[in-house]
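Just below is one structure, and these are the notes that go with it.
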Amino acid sequence: MKVASIRIPVLLALLVLGMSGMVQSQTQRADITQDRAAQYYLGSKDELLIPVNIWGFVMKPGQYLVPNNTDLISLLSFAGGPTENAKLNNVRIIRTDSRLGSRIYKVDVKMYVETGDERLIPPMKPGDTVIVKGSTYHWISRVFEFVTRLAVFAQIYYFIVLGESYSKK
């Protein structure tokens, strides 16, 4: 009887713990309007620096102060390069302009790597946010990982039920 009373809470706890790796939260920052001059910084070697963000499938995501003439490839390099699960044919740049609002630019970095065409790679602007998404293979492997965890929980549940039926005999 004791096994039956703790079975459901234990399984729920295992399920929540197993799924906690699958759920990630993000908080969104309020839109901040800054003076254009406040978006530039002076570096130690008297070079003009701009703040840019890089998120997603790069080795070291975060905010970087980079030289004013930095392009997307250089920013990816500052961030340690893309991970093996990065989807390079759909890198997005979110750019906020006080006159135009927010705009999203799609860049095919994979095409640049294949052709060397520098026109495909835009320069960074102050406050840009670069998002490198994950490949389809990555997301499929995450689904299989989730299904595998679910199967383990189902197997544990089955063994608990099987144990109860043997204990009643």
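Values in this text are rule-based calculations from the coordinates and carry no lab data. As the structure is a computational prediction, the values presented were derived from the model and not from experiment. Positions of Cβ are generated from backbone atoms using ideal geometry, with glycine treated the same way; all protein chains shown enter the neighbour counts.
Distance from the C-alpha centroid of the stretch 50-68 to that of the stretch 94-162: 16 Å, rounded to the whole angstrom. Phi-derived couplings, Karplus 6.51 cos²θ - 1.76 cosθ + 1.60 at θ = phi - 60°, listed residue by residue for the stretch 144-161: 4, 4, 5, 4, 4, 4, 4, 5, 4, 5, 5, 5, 4, 4, 4, 5, 5, 5 Hz, with x used for Gly and Pro.
Counting neighbouring Cβ atoms within 10 Å and putting the fewest first, the residues 157, 137 line up as 137, 157.
Taking 0.36 nm per residue of sequence separation and removing the Cα-Cα distance, the residue 97/residue 138 pair yields an extension gain of 11.5 nm. For the stretch 114-156, the residues whose amide N sits under 15 Å from a probe point set 7 Å from the Cα of residue 47 along the beta carbon direction are 124.
Max-minus-min Cα coordinates of the stretch 37-134 on each principal axis give 35, 31, 24 Å, with the largest extent listed first.
Residues whose amide H lies under 5 Å from that of residue 134, counting only those 5 or more places away or on a different chain, are 87; hydrogens are built 1.01 Å from N in the peptide plane.
Each of residue 159 and residue 89 was given a label point 7 Å from its Cα along the Cα-to-Cβ line. The distance between the two points is 4.4 nm.
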